[in-house]
Amino acid sequence: MQAYQNRQATYDRISENFSQTIRGVDSYYDPIEQRPIELPSGYNNAWANSLGEYILSDDSRFNPNVGSNLNWQRMELRNHD
C-alpha cells in the first residue's frame, strides 16, 4: 500500500508541475497570508504586502521597501520536486 501511495504522490507532483508549466505560473509561499500563491513564471524575485499586492522582478538588487511606505516581504519559490 505504501508503494502505491508513493507512486500516486509522484504522479500528483508530475501533474502539478506540468499544469504550472502549461499555464506559465510558478508557486510561491506568501509569508503574510501564510499560503501558497501562483504567479507568472520567469521571475527570480517575488514580493508581497499586506494589501494582497505582489511585485515580480528579475533584478536581484531591487527592494520594493526602498521609497515605499508599505512593508514588502520576499516570497520563496516553492519546489515540488
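The values are calculated or read from the model by the stated rules, or taken from the named source; none is laboratory data. Predicted model, so just to flag it, every value in this text is computed and none were measured. For neighbour counting, all protein chains shown are included, and Cβ atoms are generated from backbone atoms with ideal geometry for every residue, glycine included.
Quick notes on this structure:
- Output for the range 12-46, where each listed residue is among the charged types (D, E, K, R) and over 20 Å from residue 73 (Cβ atoms): 12, 13, 16, 23
- Per-region count, the range 60-81, residues over 14 Å from residue 29 (Cα atoms), of a type outside the set (Gly, Ala, Ser) and under 17 Å from the mean Cα position of the chain (by Cα): 1
- So residue 27, is it part of a strand (DSSP E or B) and among the small types (Gly, Ala, Ser): yes
- Cβ pairs under 8 Å, 6+ apart, first in the range 28-44 and of a type in the set (Val, Ile, Thr), second assigned to a loop (DSSP other than H, G, I, E, B) and loosely packed, with under 15 Cβ neighbours inside 10 Å: 32/50
- Flag for residue 33 being in a strand (DSSP E or B), of a type in the set (D, E, K, R) and at pLDDT 90 or above: no
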